[in-house]
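Chemist: Let me give you the structure first, and then I'll get to my questions.
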Amino acid sequence: MHSKYETVIGLETHAQLLTESKMFCSCSTKFGSKPNTNICPVCTGQPGVLPVINKKAIELAIKTAIALNCRIEKMSVFARKHYFYPDLPKDFQVSQYELPLATGGFVEIEVEGKKQKIGITRIHLEEDAGKLVHKGAARIMGAGESLVDYNRTGVPLMEIVTEPDIRSPLEAKVFMETLQHLLQFIGVCDAKMEEGSLRCDANLSLRPAGETKLGTKTEVKNMNSFRAVLKALEAEEKRHAEVLNEGGKILQETRFFDDINETTIGMRSKEFAHDYRYFPEPDLVPVEPDHQWIETIKNTLGELPEAKSERFFNEYSLAAGINKILISDKLKADFFERTVKHFNKPEMIANWIIGDIAAYLNENKKSINEISLTPEKLSEILKLIDNGTITGKIAKNILLEVLGTGKTVQDIIKEQGLTQISDEGELVKIVGDVIKNNPKQVDEFKSGKDTVIMFLVGQVMKASKGRAKPDKAQELLRKALG
Amino acid sequence: MKIDVEHIARLARLGLSDEEKKLYGEQLSRILEYAETLNKLPTENIAPTTHAIPMKNVLREDRMVPFPDIEAIMINAPQEESNMFLVPRIME
């Protein structure tokens, strides 16, 4: 972005909380069920029903609030927000309005090596709406009729609102990535943007550089991936700049991101200014978490990514790059620490986890707690490399065999005769064969081309099926050719 | 008390005739005037409340219990297709 304007962005994010049942009734929250199978009189707004707050939803939101450095409010109140829409069977959404669950926190993000804090205005709880399927069109515009599935109606949502502290589309994307990681890390939300369990809308405005008053904002919706957040806000930022450069005025409106053309489109609506007529939901009494309850929740929080990263750096002296990859998956980080307890070579362990093991996990779409490798088995394999019993190459084969078959390390070694050649006589014989079979390379080496030695070492490794120790092979080759 | 009956009717998606607007305007004004009498009470030293009953933290455990008679809900759909509620065009 050119320096003439400063971009100001605030985000409203919605995270679906990991509960078994809905916010105010006992229906399942399961994603992908047959339409209208997870519904009941409460979530479809039948007359005379009585909603009851899901305790777990409150606890997960409090957990998030603590992780986001927010203040938990002494009292929060649910309100009715009235509007008509087919996905909202009650004709009002239950949400927290004047008295949210938590306020005033921050999230630290790092963009291009620079750390900064993004303020969190508030966190509140609400219920999700149903899902619309538009007939005869990919979108609502142009659809003749729509179909409504109320399975999602009443699923607990946590809304996290940021301060207008974000200064570029890239920062907005990084904020969402950081938030996703954090929510997954503390186990409150699976936070998949593509599946809609983490969503975001953005308010964007431009102002002349140096100006403190905010410009007119537009709200951008329909950003269903991190890339979409970046592309949508870049497009909207550019559009604002063009309008302002031509001396035009930005119209305050809601705009829809078209991810195919990567532009934003104004959503023409006959709706006049919103008038939601909020009032306290009479069927739900206030939530007043006491100190003891908050402390109990705090104790379930565990170590947050930032603190863990710092501790890993201090305790295990891991390089920043390795540390970051390891911490990005809590399960891998735990696996790492458990392995270190058996075998105190942190860097070696970390490299295996983020290298060959991570590659296997990606390929098989599994997490590290779903495979037959255990910290005990990994440490056993690595100890064998460390004491010279096997080579790194063989270790990799053993690792893949353990992952594939679940056999014990000792069984694999016995079955395949994989231990490193410790008998020098056997190795001398292989070296002799390699020299005999490669006269051309031997001549080149003798005429002074020293690098050819690596080719010959390779031949020894091949002939020994990887059981030779490379430096020992080289030593014996040089001796024989010397 | 002056009331914007048209605005309120629009919020409730009600089409009112001129007579109805007049009638409801007067009635709503009277209701609000009656509620105004509450303002005569001295409330300076009373903390605002959102509910009439002194209760808090009425919560349930997170347990899933399927509703046994979904058909009784679906029967309310004026039109149904693929087990979903069919609704007319939403956006103009």
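The values are calculated or read from the model by the stated rules, or taken from the named source; none is laboratory data. Just so you know, these numbers come straight off a predicted model, no measurement behind them. For neighbour counting, all protein chains shown are included, and Cβ atoms are generated from backbone atoms with ideal geometry for every residue, glycine included. With ligands, DNA and RNA removed, areas are computed over all heavy atoms of the protein, side chains included. Shrake-Rupley method; radii C 1.70, N 1.55, O 1.52, S 1.80 Å.
Residue by residue, here is whether (1) under 20 Å from A:Leu331 (Cα atoms); (2) in contact (Cβ under 8 Å) with a residue 40 or more places away in the chain; (3) assigned by TED's automatic domain parsing to the domain that holds A:Gly458; (4) among the charged types (D, E, K, R) holds:
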residue	(1), (2), (3), (4)
A:Asn362	yes, no, no, no
A:Lys365	yes, no, no, yes
A:Asn369	yes, no, no, no
A:Ile385	no, no, no, no
A:Asn397	no, yes, no, no
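Chemist: Report yes if A:Val434 is farther than 16 Å from A:Trp352 by Cβ, part of a helix (DSSP H, G or I) and not hydroxyl-bearing (Ser, Thr, Tyr), otherwise no.
Modeler: Yes.
Chemist: Every residue in the range A:70-80 that is more than 9 Å from every other protein chain (Cβ to nearest Cβ), over 17 Å from A:Leu60 (Cβ atoms) and crowded, with 19+ Cβ neighbours inside 10 Å, please.
Modeler: Result: A:Arg80, single match.
Chemist: Out of the range A:280-296, which residues are surrounded by 19 or more Cβ atoms within 10 Å (Cβ to Cβ) and hydrophobic (A, V, I, L, M, F, W, C)?
Modeler: Matches in the range A:280-296: A:Leu284, A:Val285, A:Val287.
Chemist: Hey, among the residues in the range A:308-326 that are small (Gly, Ala, Ser) and closer than 14 Å to A:Lys345 by Cα, which one's most open to solvent (accessible area, probe 1.4 Å)?
Modeler: Checking each candidate, the answer is A:Ser317.
Chemist: Let me ask something additional. Need the failing condition index for A:Arg277 against (1) more than 19 Å from A:Leu157 (Cβ to Cβ); (2) more than 14 Å from chain B (Cβ to nearest Cβ); (3) touching a residue at least 24 places away in the same chain (Cβ under 8 Å), just the number.
Modeler: For A:Arg277, the exception is condition (2).
Chemist: Can you name every residue in the range B:67-82 that is open to solvent by 40 Å² or more (accessible area, probe 1.4 Å) and facing chain A (nearest Cβ under 7 Å)?
Modeler: Residues satisfying the conditions are B:Phe67, B:Glu81, B:Ser82.
Chemist: Still on this model: For A:Ile53, work out the one condition from (1) more than 17 Å from B:Val58 (Cα to Cα); (2) within 9 Å of chain B (Cβ to nearest Cβ); (3) hydrophobic (A, V, I, L, M, F, W, C) it doesn't fulfil.
Modeler: Failed condition: (1).
Chemist: Go through the range A:10-49 and report how many residues are small (Gly, Ala, Ser), under 25 Å from A:Val188 (Cβ atoms) and out of contact with any Ser or Thr (no Cβ under 6 Å at 6 or more places or on another chain). Give the steps one after another, and end with the answer.
Modeler: Applying the first criterion (small (Gly, Ala, Ser)) to the range A:10-49 yields A:10, A:15, A:21, A:26, A:28, A:32-33, A:45, A:48.
In the following step, the residues that additionally are under 25 Å from A:Val188 (Cβ atoms) were identified as A:10, A:15, A:21, A:26, A:28, A:32-33.
Within this subset, residues satisfying the condition of being out of contact with any Ser or Thr (no Cβ under 6 Å at 6 or more places or on another chain) are A:15, A:21, A:26, A:28, A:32-33.
Result for the range A:10-49: 6.
Chemist: Give the residue, chosen from B:Arg60, B:Arg30, B:Arg10, that is on the phi < 0 side of the Ramachandran plot, free of Cβ contacts under 8 Å to residues at least 24 places away in the same chain and open to solvent by less than 90 Å² (accessible area, probe 1.4 Å).
Modeler: Of B:Arg60, B:Arg30, B:Arg10, the one residue that is on the phi < 0 side of the Ramachandran plot, free of Cβ contacts under 8 Å to residues at least 24 places away in the same chain and open to solvent by less than 90 Å² (accessible area, probe 1.4 Å) is B:Arg60.
Chemist: Looking for whichever is among the hydroxyl-bearing types (Ser, Thr, Tyr) and assigned to a strand (DSSP E or B) here; the options are A:Thr264, A:Thr300, A:Thr216. Which one fits?
Modeler: The match here is A:Thr264.
Chemist: Any idea how many residues of the range A:13-40 are out of contact with any strand residue (DSSP E or B) (no Cβ under 8 Å at 6 or more places or on another chain), more than 7 Å from chain B (Cβ to nearest Cβ) and either open to solvent by 30 Å² or more (accessible area, probe 1.4 Å) or among the hydroxyl-bearing types (Ser, Thr, Tyr) (or both)?
Modeler: 5
Chemist: If B:Gly25 satisfies every condition in (1) away from every other protein chain (no Cβ under 14 Å); (2) surrounded by 12 or more Cβ atoms within 10 Å (Cβ to Cβ); (3) over 30 Å from B:Lys2 (Cα atoms) but one, which is the exception?
Modeler: Checking B:Gly25 against (1) away from every other protein chain (no Cβ under 14 Å); (2) surrounded by 12 or more Cβ atoms within 10 Å (Cβ to Cβ); (3) over 30 Å from B:Lys2 (Cα atoms), the one that fails is (3).
Chemist: Taking the options A:Lys231, A:Lys249, name whichever one is assigned to a helix (DSSP H, G or I), open to solvent by 40 Å² or more (accessible area, probe 1.4 Å), among the basic types (Lys, Arg) and not assigned by TED's automatic domain parsing to the domain that holds A:Thr374.
Modeler: One residue alone meets the criteria, A:Lys231.
Chemist: Checking A:Val431 against (1) in contact with a Lys or Arg (Cβ under 8 Å, 6 or more places away or on another chain); (2) open to solvent by less than 20 Å² (accessible area, probe 1.4 Å), which test does it fail?
Modeler: (1) is the only condition that A:Val431 fails.
Chemist: Another one. With A:Leu17, A:Leu88 as the choices, which residue is in contact (Cβ under 8 Å) with a residue 24 or more places away in the chain and in contact with a Pro (Cβ under 8 Å, 6 or more places away or on another chain)?
Modeler: A:Leu17
Chemist: So is A:Lys414 farther than 22 Å from A:Leu477 by Cα and either in contact with an Asp or Glu (Cβ under 7 Å, 6 or more places away or on another chain) or crowded, with 18+ Cβ neighbours inside 10 Å (or both) or not?
Modeler: no
Chemist: Now for a separate question. Restricting the range A:284-312 to residues that are touching a helix residue (DSSP H, G or I) at 6+ places or on another chain (Cβ under 6 Å) and without any contact (Cβ under 8 Å) to a residue 40 or more places away in the chain, which is nearest to the other protein chains (Cβ to nearest Cβ)?
Modeler: Checked the range A:284-312; the qualifying residue nearest to the other protein chains (Cβ to nearest Cβ) is A:Lys308.
Chemist: Hey, another quick one. Restricted to the range A:328-387, and to residues that are among the polar types (S, T, N, Q) and under 23 Å from A:Gly466 (Cα atoms), which residue is most open to solvent (accessible area, probe 1.4 Å)?
Modeler: For the range A:328-387, the residue satisfying everything is A:Asn387.
Chemist: Also, I was wondering about something else. Out of the residues in the range A:192-225 that are touching a His at 6+ places or on another chain (Cβ under 8 Å) and of a type in the set (Gly, Ala, Ser), state the one that is surrounded by the fewest Cβ atoms within 10 Å (Cβ to Cβ).
Modeler: Within the range A:192-225, the match that is surrounded by the fewest Cβ atoms within 10 Å (Cβ to Cβ) is A:Gly215.
Chemist: If a residue has to be within 10 Å of chain B (Cβ to nearest Cβ) and surrounded by fewer than 23 Cβ atoms within 10 Å (Cβ to Cβ) to count, how many in the range A:59-69 make the cut?
Modeler: 1
Chemist: So in the range B:44-53, with the set limited to residues that are over 23 Å from the mean Cα position of the chain (by Cα) and open to solvent by 90 Å² or more (accessible area, probe 1.4 Å), which one is nearest to A:Glu20 (Cα to Cα)?
Modeler: The extreme case among them is B:Ile46.
Chemist: A further question follows. Could you run through the range A:370-390 and say how many residues are outside any helix (DSSP H, G or I) and of a type outside the set (Ser, Thr, Tyr)?
Modeler: 5
Chemist: Quick test for you: out of A:Pro35, A:Pro47, A:Pro51, pick the one residue that is in contact (Cβ under 8 Å) with a residue 24 or more places away in the chain, assigned to a loop (DSSP other than H, G, I, E, B) and over 19 Å from A:Pro156 (Cβ atoms).
Modeler: None of the other options fit; the residue is A:Pro35.
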